[in-house]
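The structure appears right after this line, and notes come after that.
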Amino acid sequence: MTSPFSPGGPRPWRRKRSPGAAEREAPPPASPGANGEGRPSSGRTPCPAGPAMEEDALGQRKPASLTVLGVDPGSRCLGWGVVRENSGVLSLVDCGTIRPKGDSFSRRLGDLFLGLSLVLRRYSPAEAAIESVFSHRNVLTALKLGQARGVAVAACAANGVPVTDYEPALVKKSLVGAGRAEKAQVSFMVGRLLGRKPDWSADAGDALGCAVCHLNMRRLLRLTAAGM
């Protein structure tokens, strides 16, 4: 006779144990990721949402707004202006000038670097546009202007802001239509584009014009890349 406990025999009958009170009241385990609770199956924490994006007329995704810093370099007076583009609409954030007070030229360059670094940290622009050095009859003046411009580029680079160079004639032509336009004409057109009265200084107006020119060139390059 085969024993019920032998390997080939039938399995012994066992009475099923009824669940205890603690087991009956215990809630079921949460499914991974259900209703934002539980741990994802991959074990990774979900990444936070990135910056707000939108699609332009060409169907290309881009940031909903873009802040650009424009700089008009100078060793005695440096003009700066911050412009924001939101869904194709330009608006003025702030503008001003930096006038170094150092006695020596090296001290003035240091003041320019510190002053522009404060502007960069305060407004956190995504990009910067700086006027390049134009040809000047006075070699010493052109050299000092180039050094002041180098300080502005270094300040942007130290704060992680990419820089684009623009010829002064190109900035004036894109805004006024003439490469030899006066500073007052540039400020007037910048005020019309930003919807503000041009009550800023001439150097700040040139800096704002450089920022507006950069935004217009970005839009033009985007249309050109799309074949329009």
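Please treat every number below as a calculation from the coordinates, not as lab data. Since we're looking at a predicted model, the values are computed, not measured. Glycine also receives a Cβ, built like all others from the backbone with ideal geometry; neighbour counts cover every protein chain displayed.
Once backbone amide H atoms are built at 1.01 Å from N, Leu90 has no partners under 5 Å, excluding neighbours fewer than 5 places away on the same chain. Between Asp199 and Leu143, the contour length at 0.36 nm per residue exceeds the alpha carbon distance by 17.1 nm. Put simply, the C-alpha atoms of region 63-206 give a gyration tensor, and the ellipsoid matching it has half-axes of 23, 19, 13 Å, longest first.
Ranked for footprinting exposure by Cβ neighbours inside 10 Å, fewest first, Ser106, Ser91 give Ser106, Ser91. Taking only the Cα atoms of region 129-184, the radius of gyration and Dmax are 12.9, 34 Å.
What separates the Cα centres of region 80-143 and region 150-228 is a distance of 12 Å.
For region 57-225, what proportion of DSSP beta bridges, expressed in % and rounded to the nearest 5, is antiparallel? List each step's numbers first, then the result.
Values: 17 of 25 bridges.
Here the antiparallel bridges make up roughly 70 percent for region 57-225.
Under the simplified labelling scheme, the Ala178-Ala154 pair shows an inter-label distance of 3.8 nm, with each label point 7 Å from Cα along Cα→Cβ. In this simple spin-label approximation, Ala126 and Asn216 carry label points 7 Å from Cα along the Cα→Cβ vector, and these lie 2.0 nm apart. Residues of region 157-191 falling in the label zone of Thr224, defined by backbone nitrogen less than 16 Å from a point 7 Å along Cα to beta-carbon, are 164-167, 170-171, 173-175. Counting neighbouring Cβ atoms within 10 Å and putting the fewest first, the residues Phe113, Phe134 line up as Phe134, Phe113. Listed by Cβ neighbour count within 10 Å, with the fewest neighbours leading, Met189, Met217 appear as Met217, Met189.
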